[in-house]
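Some notes on the structure that comes next.
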Amino acid sequence: MFPGLPYPGYSWRITHHMGRVTPEHVYHILWAANRYSNNQDPATDINHYLIVNRQLTPNVRTDSGQPDGWRDYQQILSELGLLYSLQVVSKITATPLGLSLLDGSLGFSETMTLQALRMQYPNGQHVGMSAAQASDLAGSSYANSESFAMLQSLAGVMIRPTVLIWRLLRRLKELSTPAEITIDELESYAMRCFRNSDFVICAAAISAARTGGPVLPRMGGRQRRNAQDWFKFLRLTALFSVRGSKNPKLSLSPFGNMHAIEIDAICSALEEPTTFWQPGDASNIERLRWYSQFGGVDLSIPELPPVELTQGDHEFVGGAEEEEAKLDLGTTEGHLQLREFNGVVFQANPVSDLSIHSIYKADLTLSAHRLHDQMVLLIAQTCRSRGAAVFDDPRSVDLLVMHQGREFIIEVKSVTPRNFMARLRYALGQVLHYDFLRARESALPRRKVIALAADLQDNFWPVEFLNTHLDMDLLTLKAGKLFIHSPATSSNELFSSSPN
């Protein structure tokens, strides 16, 4: 028997604006949101930019008499993990992943593929309990659920739909039935699943129905539109193709078939229960943790094979990122030219509140390396809050910090799974060079620190490589906050997110 629904009215919620997503729309909406977030009336300025640049129609609302495409489409960015929800962070704030897209370190197809694979239920974007959902739950044991996310957590929902659909199509091929599904099959079979392991019984049920066996009825209602919007989302990725218009069918793309073994490995990693966000309660703090996790760069996911640039020039609408070109100091003065770091206005926030979003500066919009610069700000703010002196050299070292008779040379990199190895090696060469130059001028003991604007698991090999093999420190982001991996007490005291 096919598994029953975990609760009445179970659904895979997704924004119905997904059909409007294009590389240009996503880039320009995110760029305008980031650029104008500090303005007195950012919504008006964002709408004006989008209309002038022909990204949205005026879309005049009947209630206000004003164009307001921003209000309608900002939820696309939050759905995709590119922007913190304004219900959680009141100031318009791009996530690290959103900044990576703006920087050009991630392309459109790569971003859509990664986020589709990482999308899960429960999640922090879909928390509101609609009247229809409340009606469905009336009289059930879940009638008093605090939020939609808490309902799904309590009911045992733990699924990444794209991973399930990938597994489902691969399984259908093994069963010698067409490795494709229709919107009806997605709605009637796949969208009843609430655990990734359900793909086996789902594939068997579809195969049986295609050969004269029992046919499950469509779920109807909200699920029909959700199924259509999931099709629109999946066709944006590199993994799937959709053919046909009247009765579209979803199948693996040529890219997906070519790299099936590698995608299988990514799916296996994402099926691990420890990788899932679970709401501890219905608070905005928990929702913030969701956006920081889903909107962060995660190095623990196996590297996605190089995505063919099917969008051509549209893949990097703002241009692909280039590595920063710092001068070769060995052929010039041969020493660091330090100055007091002036990029932080210290705020009397508790250190435990410091995060990548709390120090966010939208005026870095035109910076060539937005995420890199936000990470530098977060580290500098954290160090200054501990009473440290912070310096930089725009021609070389990102930060040099003096604290309690020690120095810390810090090299910051924004990374993706694709460029991680190259940038780690580049960072190692830089920090070793800067340490050599600084040793000529200072006899203070020094720690060498590599900082990555990304998250990774504690057992990921770079931690042991840097901490044990090289006796260096590693700074990363964990749920948007600074996280230190170090064998040194001095480093842990300086960089840890929580005061001792």
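The values are calculated or read from the model by the stated rules, or taken from the named source; none is laboratory data. Predicted model only: the values in this text are computed from it and were never measured. Positions of Cβ are generated from backbone atoms using ideal geometry, with glycine treated the same way; all protein chains shown enter the neighbour counts. SASA here: full protein model, heavy atoms, side chains in, ligands and nucleic acids out. Shrake-Rupley method; radii C 1.70, N 1.55, O 1.52, S 1.80 Å.
Hey, among the residues in the range 381-392 that are assigned to a strand (DSSP E or B) and more than 30 Å from the chain's Cα centre (by Cα), which one's nearest to A454 (Cα to Cα)? Top of the filtered list is F391.
How many residues, within the range 381-434, are open to solvent by 10 Å² or more (accessible area, probe 1.4 Å) and free of Cβ contacts under 8 Å to residues at least 60 places away in the same chain? So the count comes out to 16.
Yes/no per residue for (1) surrounded by 17 or more Cβ atoms within 10 Å (Cβ to Cβ); (2) touching a strand residue (DSSP E or B) at 6+ places or on another chain (Cβ under 9 Å):
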residue: R210; (1), (2): no, no
residue: M219; (1), (2): yes, no
residue: R224; (1), (2): no, no
residue: Q228; (1), (2): yes, no
residue: L236; (1), (2): yes, no
residue: F240; (1), (2): yes, yes
residue: S245; (1), (2): no, no
residue: S253; (1), (2): yes, yes
residue: H259; (1), (2): yes, no
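Consider the range 406-425 and keep the residues that are of a type in the set (D, E, K, R) and farther than 21 Å from I356 by Cα. The one that is farthest from the chain's Cα centre (by Cα) is R406. The set of residues in the range 1-26 being open to solvent by 30 Å² or more (accessible area, probe 1.4 Å) and aromatic (F, W, Y) consists of F2 alone.
Checking the stated criteria, R386 turns out to be under 17 Å from A488 (Cα atoms) and at pLDDT below 95. The set of residues in the range 261-274 being part of a helix (DSSP H, G or I) and open to solvent by 20 Å² or more (accessible area, probe 1.4 Å) consists of I261, E262, D264, A265, S268, A269, P273, T274. Quick check: is even one residue across the range 133-144 free of Cβ contacts under 8 Å to residues at least 24 places away in the same chain and open to solvent by less than 30 Å² (accessible area, probe 1.4 Å)? Scanning the range 133-144, I find no residue that is free of Cβ contacts under 8 Å to residues at least 24 places away in the same chain and open to solvent by less than 30 Å² (accessible area, probe 1.4 Å), so the answer is no.
When the residues of the range 451-461 are filtered to those that are touching a residue at least 24 places away in the same chain (Cβ under 8 Å) and either closer than 15 Å to E411 by Cα or among the polar types (S, T, N, Q) (or both), which remaining residue is most open to solvent (accessible area, probe 1.4 Å)? Filtering the range 451-461 for residues that are touching a residue at least 24 places away in the same chain (Cβ under 8 Å) and either closer than 15 Å to E411 by Cα or among the polar types (S, T, N, Q) (or both), the one most open to solvent (accessible area, probe 1.4 Å) comes out as Q457. Taking first residues from the range 1-15 that are farther than 15 Å from A138 by Cα and partners that are assigned to a loop (DSSP other than H, G, I, E, B), the Cβ contacts under 6 Å between residues at least 6 apart in sequence or on separate chains come to R13/H126. Of all positions in the range 49-69, at least one carries a residue that is modelled with pLDDT under 90, acidic (D, E) and open to solvent by less than 30 Å² (accessible area, probe 1.4 Å). For W277, the conditions (1) surrounded by 15 or more Cβ atoms within 10 Å (Cβ to Cβ); (2) in a loop (DSSP other than H, G, I, E, B); (3) without any contact (Cβ under 8 Å) to a residue 40 or more places away in the chain are fulfilled apart from (3).
Taken together, Q115, Q125 contain a single residue that is open to solvent by less than 10 Å² (accessible area, probe 1.4 Å) and under 30 Å from E321 (Cα atoms), which is Q115. One residue stands out among those in the range 156-182 that are open to solvent by 20 Å² or more (accessible area, probe 1.4 Å) and over 17 Å from A208 (Cβ atoms): the one that is farthest from the chain's Cα centre (by Cα), which is R170. When the range 435-447 is limited to residues that are open to solvent by 40 Å² or more (accessible area, probe 1.4 Å) and not aromatic (F, W, Y), the one that is farthest from S100 (Cα to Cα) turns out to be A443.
Scanning the range 191-200 for residues that are hydrophobic (A, V, I, L, M, F, W, C), within 19 Å of R225 (Cα to Cα) and surrounded by fewer than 23 Cβ atoms within 10 Å (Cβ to Cβ) yields a single hit, F194. Checked against the criteria, R235 counts as more than 21 Å from E174 (Cα to Cα), out of contact with any Lys or Arg (no Cβ under 8 Å at 6 or more places or on another chain) and not hydroxyl-bearing (S, T, Y).
If only residues of the range 327-360 that are open to solvent by 60 Å² or more (accessible area, probe 1.4 Å) and at pLDDT 85 or above are counted, the one that is farthest from L377 (Cα to Cα) is Q337.
Has the range 285-308 got any residue that is open to solvent by 40 Å² or more (accessible area, probe 1.4 Å), outside any helix (DSSP H, G or I), modelled with pLDDT of 75 or more and among the aliphatic types (A, V, I, L, M)? Scanning the range 285-308, I find no residue that is open to solvent by 40 Å² or more (accessible area, probe 1.4 Å), outside any helix (DSSP H, G or I), modelled with pLDDT of 75 or more and among the aliphatic types (A, V, I, L, M), so the answer is no. The set of residues in the range 451-500 that are of a type in the set (G, A, S) and on the phi > 0 side of the Ramachandran plot comprises A479, G480. Screening the range 477-500 for residues that are without any contact (Cβ under 8 Å) to a residue 60 or more places away in the chain and within 25 Å of the chain's Cα centre (by Cα) and picking the one that is farthest from R386 (Cα to Cα) gives K478.
When Q40 is tested against (1) at pLDDT below 90; (2) out of contact with any helix residue (DSSP H, G or I) (no Cβ under 7 Å at 6 or more places or on another chain); (3) farther than 17 Å from L82 by Cβ, exactly one condition is not met: (1).
Of the residues making up the range 363-421, just one is among the aromatic types (F, W, Y) and over 24 Å from E441 (Cβ atoms), namely F420.
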